[in-house]
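The values are calculated or read from the model by the stated rules, or taken from the named source; none is laboratory data. All values reported here derive from a predicted model rather than from experimental measurement. Virtual Cβ from ideal backbone geometry, glycine too; neighbours counted across all protein chains shown. Accessible surface areas use protein heavy atoms only, side chains included; no ligands, DNA or RNA. Shrake-Rupley method; radii C 1.70, N 1.55, O 1.52, S 1.80 Å.
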Amino acid sequence: MDLQHWLGRATNAIQDWADTFGPYQPHPSLQVDDDRFATAFEEFTGRLRENYPFFHPHYAGQMLKPPHPAAMVGYLTAMLINPNNHALDGGPATARMEREAVAQLAAMFGYDAHLGHLTTSGTIANLEALFVARELHPGRGVAYSADAHYTHGRMCRVLGMEGHAVPTDDRGRMDLDALEDLLRGGRVGTVVLTAGTTGLGAVDPIHEALLLKERYGVRLHVDAAYGGFFTLLAGVDGPEGLAPEPWQAIARCDSVVVDPHKHGLQPYGCGAVLFRDPEVGRFYLHDSPYTYFTSSELHLGEISLECSRAGASAAALWLTFQLLPPTADGLGRVLAAGRRAALKWAQLITTSDRLELYQQPELDIVSYFPVVDPATLSGIDTASARILADGMTSPDPVFLSTLRADREAFTARHPKITADADSGRILRSVLMKPESEHHVEHIHHQVERLTRS
Ligand SMILES: *Cc1c(COP(=O)(O)O)cnc(C)c1O
């Protein structure tokens with residue numbers, strides 16, 4: 001896709017549409033002189049250079065990458081109109097696109113009837129799921145794993161609910177025995193299961209938690225903000241295939257959150273929440289004094305805590321899904337490549353005498369640390385931080401990230417290393433670009449080289 005060509009086509013298409021409404025004069029107050037704009041633009045693009053190259057395969061750090069060109073063109077084209085998906089009248093076309101794209105997400109998770117919508121982020125999507133959970137289980141708290149995203153603890157405070165962190169096992173997954181102990185106390189009404197933790201990509205045993213749902217009458221919410229699209233690799237043939245059980249179990253949970261702005265090739269501003277029971281829409285009801293003239297059915301503004309939302313986000317997702325739908329053959333191929341990259345790198349690290357794997361990657365996040373002598377956690381911490389910094393300034397740069405592992409978590413995985421500190425930083429690489437598949441060998445050798453200096 002040639003971005004310049006399609007951006008030109010976008011402005012023409014919207015201008016052609018605009019012309020059908022007759023000519024008018026733009027107001028002089030908005031007039032901007034081209035020379036002055038050029039000066040501002042020069043400074044603007046100069047400032048944007050102060051960024052890390054998220055697009056480049058040698059960027060193997062945080063969860064960052066540019067959107068797909070189809071998403072860029074979809075977003076910018078709709079933005080020329082700037083519809084607001086708060087209400088049908090704010091953006092009839094993009095509201096319809098939102099419903100269609102959300103239905104595709106629902107189908108991916110095996111939800112038939114559903115209530116769902118896009119949100120500005122995974123944070124807001126999870127807030128909505130916890131808000132509904134509170135309405136259904138007033139006075140009862142929320143359990144989430146110690147490795148769950150920190151947003152859950154914070155949002156419990158926002159919602160005035162009690163939050164409980166459940167210990168994780170030596171792979172970073174929720175310990176269901178510890179969860180059951182907690183559930184016996186009767187104070188928990190909702191369990192948040194994470195499908196792909198932000199740190200390590202660990203997937204909680206969702207299928208096993210289903211039994212506890214029945215036994216203790218709790219709601220199950222799945223935070224798949226990061227990992228949701230990996231559902232597409234569940235049971236797939238080949239090394240990238242994932243054990244299907246936890247992913248299939250999402251269909252039987254009460255709600256799920258996924259971030260198209262993480263693994264759905266979208267620009268920021270695109271999360272999603274889905275409820276299995278459409279009846280929960282009643283909790284959102286409001287009595288807006290701003291009457292809209294065409295809405296008769298429950299519109300998107302009536303099932304969302306946010307009011308104004310970019311119709312352009314829905315447009316970008318809809319257009320992307322026309323080309324790369326959330327199916328194994330579509331978007332699944334993009335995730336499969338990142339997953340193969342993670343497996344390949346894990347293999348290289350396993351045979352390296354300079355690096356050690358922190359744990360086997362479950363999705364596409366590789367965690368590892370430099371071998372140091374003497375073998376202490378504080379030594380690993382210092383060396384990891386140095387490699388991170390040196391990598392970015394090297395003539396052949398490589399961009400990594402660090403992850404803080406606490407003493408217990410570290411020792412559970414590496415009992416032979418002296419845990420002489422409360423916690424220590426290790427290295428972490430999110431391989432969310434399919435191009436990583438062809439660059440991990442290079443990155444691996446770069447990181448090995450950096451351990452020597
Ligand atoms: C990223 C993430 C969030 C927060 O989502 P935002 O889109 O960053 O607001 C919540 N949970 C998990 C598991 C995540 O990876």
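Looking at (1) under 17 Å from I303 (Cβ atoms); (2) part of a strand (DSSP E or B), which is the only condition F131 fails?
Against the list (1) under 17 Å from I303 (Cβ atoms); (2) part of a strand (DSSP E or B), F131 comes up short only on (2).
Would you check if R340 is over 25 Å from D420 (Cβ atoms), surrounded by fewer than 23 Cβ atoms within 10 Å (Cβ to Cβ) and touching an Asp or Glu at 6+ places or on another chain (Cβ under 6 Å)? It would help to see each step written out before you state the result.
Details: over 25 Å from D420 (Cβ atoms): yes; surrounded by fewer than 23 Cβ atoms within 10 Å (Cβ to Cβ): yes; touching an Asp or Glu at 6+ places or on another chain (Cβ under 6 Å): yes.
Considered against the rule, which asks whether it is over 25 Å from D420 (Cβ atoms), surrounded by fewer than 23 Cβ atoms within 10 Å (Cβ to Cβ) and touching an Asp or Glu at 6+ places or on another chain (Cβ under 6 Å), R340 comes out as yes.
Do we have any residue at all in region 60-67 that's out of contact with any Phe, Trp or Tyr (no Cβ under 6 Å at 6 or more places or on another chain), open to solvent by 40 Å² or more (accessible area, probe 1.4 Å), within 30 Å of H444 (Cβ to Cβ) and not charged (D, E, K, R)?
Filtering region 60-67 down to residues out of contact with any Phe, Trp or Tyr (no Cβ under 6 Å at 6 or more places or on another chain) leaves 60, 62-63, 67.
Subset that is open to solvent by 40 Å² or more (accessible area, probe 1.4 Å): 62.
Going one step further and asking which of them are within 30 Å of H444 (Cβ to Cβ), we end up with 62.
From what's left, not charged (D, E, K, R): 62.
Yes: one or more hits.
Scan region 309-329 and give yes if some residue there is open to solvent by 10 Å² or more (accessible area, probe 1.4 Å), over 23 Å from A107 (Cβ atoms) and assigned by TED's automatic domain parsing to the domain that holds F109, otherwise no.
Within region 309-329, one or more residues are open to solvent by 10 Å² or more (accessible area, probe 1.4 Å), over 23 Å from A107 (Cβ atoms) and assigned by TED's automatic domain parsing to the domain that holds F109.
From T123, T119, grab the single residue that is open to solvent by less than 20 Å² (accessible area, probe 1.4 Å) and in the same structural domain as R184 (by TED's automatic domain parsing). Before you say what the answer is, go through the steps one by one.
Numbers: T123 fails: open to solvent by less than 20 Å² (accessible area, probe 1.4 Å).
Checking each option against the conditions leaves just T119.
Considering only strands (runs of 3 or more DSSP E) fully contained in region 157-271, which possess at least 1 residues that are open to solvent by less than 10 Å² (accessible area, probe 1.4 Å) and more than 16 Å from the ligand (Cβ to nearest atom)?
Values: elements: 163-166, 188-194, 219-224, 255-258.
Filter on region 157-271 gives 188-194.
Tell me the residue from G22, G74 that is more than 28 Å from L388 (Cβ to Cβ) and free of Cβ contacts under 8 Å to residues at least 24 places away in the same chain, please.
Working: G74 fails: free of Cβ contacts under 8 Å to residues at least 24 places away in the same chain.
Only one candidate qualifies: G22.
Restricted to region 420-435, and to residues that are of a type in the set (D, E, K, R) and part of a loop (DSSP other than H, G, I, E, B), which residue is surrounded by the fewest Cβ atoms within 10 Å (Cβ to Cβ)? Give the derivation first.
At the first step, the residues of region 420-435 found to be of a type in the set (D, E, K, R) are 420, 422, 425, 428, 433, 435.
Retained after the next criterion (residues that are part of a loop (DSSP other than H, G, I, E, B)): 420, 422, 433.
Working: D420: 13, D422: 11, K433: 22.
Checking each candidate, the answer is D422.
Condition first: free of Cβ contacts under 8 Å to residues at least 12 places away in the same chain and either charged (D, E, K, R) or under 17 Å from L176 (Cα atoms) (or both). Now tell me which residues in region 216-242 satisfy that.
G217, D237
Provide a single number: the residues in region 46-59 that are polar (S, T, N, Q) and surrounded by 12 or more Cβ atoms within 10 Å (Cβ to Cβ).
First pass over region 46-59, keeping only residues polar (S, T, N, Q): 51.
Okay, now just the ones that are also surrounded by 12 or more Cβ atoms within 10 Å (Cβ to Cβ), so none.
Going through region 46-59 one residue at a time, the tally reaches 0.
Being open to solvent by 30 Å² or more (accessible area, probe 1.4 Å) and closer than 21 Å to A195 by Cα is the filter here, so list the residues in region 343-361 that pass it. I'd like the intermediate steps shown before the answer.
Looking only at region 343-361, we keep the residues that are open to solvent by 30 Å² or more (accessible area, probe 1.4 Å), and these are 343-344, 347-348, 350-351, 353-354, 356, 360.
Selection gives L343, Q360.
So is V142 outside any helix (DSSP H, G or I), under 26 Å from D364 (Cβ atoms), at pLDDT 95 or above and within 16 Å of the ligand (Cβ to nearest atom) or not?
Numbers: outside any helix (DSSP H, G or I): yes; under 26 Å from D364 (Cβ atoms): no; at pLDDT 95 or above: yes; within 16 Å of the ligand (Cβ to nearest atom): yes.
Here the answer is no, as V142 does not meet what is asked.
Being in contact (Cβ under 8 Å) with a residue 60 or more places away in the chain and not in a helix (DSSP H, G or I) is the filter; apply it to region 145-156 and report the residue that is farthest from the ligand (Cβ to nearest atom). Spell out how you get there, then give the answer.
Narrowing region 145-156 to residues in contact (Cβ under 8 Å) with a residue 60 or more places away in the chain: 148-149, 152.
Those left that are additionally not in a helix (DSSP H, G or I): 148-149.
On the way: A148: 7, H149: 3 Å.
It comes out as A148.
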